Amino acid sequence: MRGDDSLIMAKKIKSDLYKRYIKDVMPKLQKETATGNMHDVPQLKKIIVNMGLKKAKDDKTVLEEAKKDMAKITGLKPVVTKAKKSISNFDLKEKDPIGCCVTLRGSKMYDFMEKLLRVVFPRIRDFDGLKRGFDRYGNLTIGLKDESVFPEIDADNIKHIKGIGITIVTDKLDRELSEKMLVMMGFPFKENRSSNGKKSA
């Protein structure tokens with residue numbers, strides 16, 4: 001989706017963050033590509049939000065609570081994730097429930113990202129920036145210790161603390177460009193520092 005298609009989509013997606021991407025981030029990234037072609041600029045493809053639940057196979061209330069919290073956080077019904085194979089050391093059988101996840105696209109994806117930037121990250125205690133948890137394909141994974149940093153969740157009602165994994169997937173296999181895109185969109189990454197504590201180049 002590029003050019004006129006992106007402008008049409010901008011009218012459908014009300015997110016200020018998406019409009020910023022179209023009007024500001026995309027043109028700057030185009031200059032960063034080797035070809036200068038708009039088609040080589042990365043875009044967000046989807047965001048996967050998941051909860052891994054070690055106790056889910058033994059306690060159904062853990063899974064039910066996770067599904068309710070995930071639905072509140074994302075606005076979508078979560079899918080239960082199950083073990084692909086048995087692991088005797090962990091007393092885990094094939095198809096045992098091990099968590100739940102939601103995949104966000106389009107307007108819901110951008111709304112969720114705006115919530116992360118404007119609400120969730122600022123609510124994390126002693127937050128000093130995100131780790132650069134990119135894989136070789138340019139996808140970023142963020143780990144949160146519990147769901148109480150989301151405004152939809154009342155910390156007093158949490159019976160089981162559940163960590164959340166958030167994976168931001170782009171449509172280009174370019175780690176450097178993906179990082180530049182997210183920085184331009186406002187993601188607060190930690191500074192790279194050398195062993196003597198000084199900023200590295």
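The values are calculated or read from the model by the stated rules, or taken from the named source; none is laboratory data. None of the values given here were measured: they were computed from a predicted structure. FYI the Cβ positions are ideal-geometry reconstructions off the backbone, even for glycines, and counts take in every protein chain you see.
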(request) List every residue pair whose Cβ atoms lie under 7 Å apart, where the two residues are 6 or more positions apart in sequence or sit on different chains, the first residue falls within the range 151-173 and is within 9 Å of Asn139 (Cα to Cα), and the second residue, located anywhere, is in a loop (DSSP other than H, G, I, E, B) and of a type in the set (Phe, Trp, Tyr). (result) Leu173/Tyr137
(request) Would you tally the residues in the range 43-55 being assigned to a loop (DSSP other than H, G, I, E, B), surrounded by 15 or more Cβ atoms within 10 Å (Cβ to Cβ) and modelled with pLDDT under 90? (result) 1
(request) Only residues that are in a loop (DSSP other than H, G, I, E, B), surrounded by 12 or more Cβ atoms within 10 Å (Cβ to Cβ) and on the phi < 0 side of the Ramachandran plot: list them for the range 119-146, please. (result) Ile124, Phe127, Arg132, Gly133, Asp135, Tyr137, Asn139, Lys145, Asp146
(request) Can you tell me which residue among Thr74, Thr103, Thr141 is under 17 Å from Ser15 (Cβ atoms), within 12 Å of the chain's Cα centre (by Cα) and at pLDDT 95 or above? (result) Thr74
(request) Filter the range 12-40 down to the residues that are within 22 Å of the chain's Cα centre (by Cα) and assigned to a loop (DSSP other than H, G, I, E, B), then identify the one that is farthest from Leu173 (Cα to Cα). (result) Lys14
